[in-house]
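Presented below is the structure to which this report refers.
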Amino acid sequence: MPSEAVRDRANHDSNNRPLLLVDVDGVLNPWEATDTPDGYHEYDFFPGERVLLSPDHGQLLRDLSKDFDLVWATAWEHRANRFICPVLSIPELPVIEFPLAAPYFAVNKLPAVIQAVGDRPCAWIDDMHGVDHFDWADRRAAPTLIVAIDPAIGFTADVAVRLAAWAQSLSADDHS
């Protein structure tokens, strides 16, 4: 689903649940881990590129989907649905598409994220948050949580608990 479709869905969602923007490399795939961490398996999706995934992340994401609408915010884009979702036993997710910036073909995610989330509350888990991400979050009127993930460790149950508590605090604020 293109970024415009994510935005349109986000801006027209009647219950205004927060979005959870999910990166793959560094978050679900702890690419800086020296060894394969316990509970992870190595996948050979791309020749010469080690991908480590934990099926336990599937349950964490399914649990978080009770409080969030999950969206891929990864350079994997639609490949995350093709490769990651079956391993984690999660349904396909909407995808924020990111333009590649020459000359290094680096991905600057923030402009596409801004466009996709609109005015909707969101949490964003990524291993490469820059100062600009935190500045954007601070300036937004909508509640925004930026969570930096250590790419040698990846997504943990503690991070999932923090995310769920944050989302539930928004619900509590709505009912006060």
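The values are calculated or read from the model by the stated rules, or taken from the named source; none is laboratory data. Every value quoted in this text rests on a predicted model; they were computed, and no experiment measured them. When we count neighbours, we look across all protein chains shown, and the Cβ atoms used for this are built from the backbone with ideal geometry, even at glycine.
Looking at this structure, is V27 closer than 18 Å to R82 by Cβ, assigned to a strand (DSSP E or B) and in contact (Cβ under 8 Å) with a residue 12 or more places away in the chain? Step through it out loud before you land on a result.
Values: closer than 18 Å to R82 by Cβ: yes; assigned to a strand (DSSP E or B): no; in contact (Cβ under 8 Å) with a residue 12 or more places away in the chain: yes.
Criteria not met by V27.
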If you go through the range 53-73 one residue at a time, do you hit one that is modelled with pLDDT under 95 and either more than 17 Å from V27 (Cβ to Cβ) or not acidic (D, E) (or both)? no
Pairs please, first residue from the range 128-145 and free of Cβ contacts under 8 Å to residues at least 40 places away in the same chain, second anywhere and surrounded by fewer than 15 Cβ atoms within 10 Å (Cβ to Cβ) and in a loop (DSSP other than H, G, I, E, B), Cβ atoms under 6 Å, 6+ apart in sequence or on different chains. A142/D119
What pairs come up if the first residue lies in the range 107-126 and is under 22 Å from V159 (Cβ atoms), the second is at pLDDT below 95 and polar (S, T, N, Q), and their beta carbons are under 6 Å apart, counting only those six or more places apart or on different chains? A116/S3
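With the structure loaded, tell me whether P94 is surrounded by 13 or more Cβ atoms within 10 Å (Cβ to Cβ) and more than 17 Å from G26 (Cβ to Cβ) or whether it fails that test. Full working, then the answer.
Values: surrounded by 13 or more Cβ atoms within 10 Å (Cβ to Cβ): yes; more than 17 Å from G26 (Cβ to Cβ): yes.
Answer is yes for this residue.
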Among the residues of the range 129-170, which ones are assigned to a helix (DSSP H, G or I) and either in contact with a Lys or Arg (Cβ under 9 Å, 6 or more places away or on another chain) or surrounded by 16 or more Cβ atoms within 10 Å (Cβ to Cβ) (or both)? H133, W136, A137, V159, A160, L163, A164, W166, A167, L170
Of the numbered conditions (1) of a type outside the set (A, V, I, L, M, F, W, C); (2) closer than 21 Å to T74 by Cα; (3) over 18 Å from the mean Cα position of the chain (by Cα), D138 fails exactly one; give the number of that condition. (2)
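Would you check which residues across the range 35-67 are hydroxyl-bearing (S, T, Y) and either part of a helix (DSSP H, G or I) or out of contact with any Ser or Thr (no Cβ under 9 Å at 6 or more places or on another chain) (or both) and list them? Quick ask: steps written out before the conclusion?
So the first thing to find is which residues in the range 35-67 are hydroxyl-bearing (S, T, Y), and the list is 36, 40, 43, 54, 65.
If the condition is that a residue be hydroxyl-bearing (S, T, Y) and either part of a helix (DSSP H, G or I) or out of contact with any Ser or Thr (no Cβ under 9 Å at 6 or more places or on another chain) (or both), then T36, Y43, S54, S65 are the ones that fit.
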Residues located in the range 71-91, provided they are in a helix (DSSP H, G or I), buried (at least 18 other Cβ atoms within 10 Å of the Cβ) and of a type outside the set (A, V, I, L, M, F, W, C): N81
Across the range 95-118, what is the number of residues that are modelled with pLDDT of 90 or more and either under 17 Å from I146 (Cα atoms) or assigned to a strand (DSSP E or B) (or both)? 12
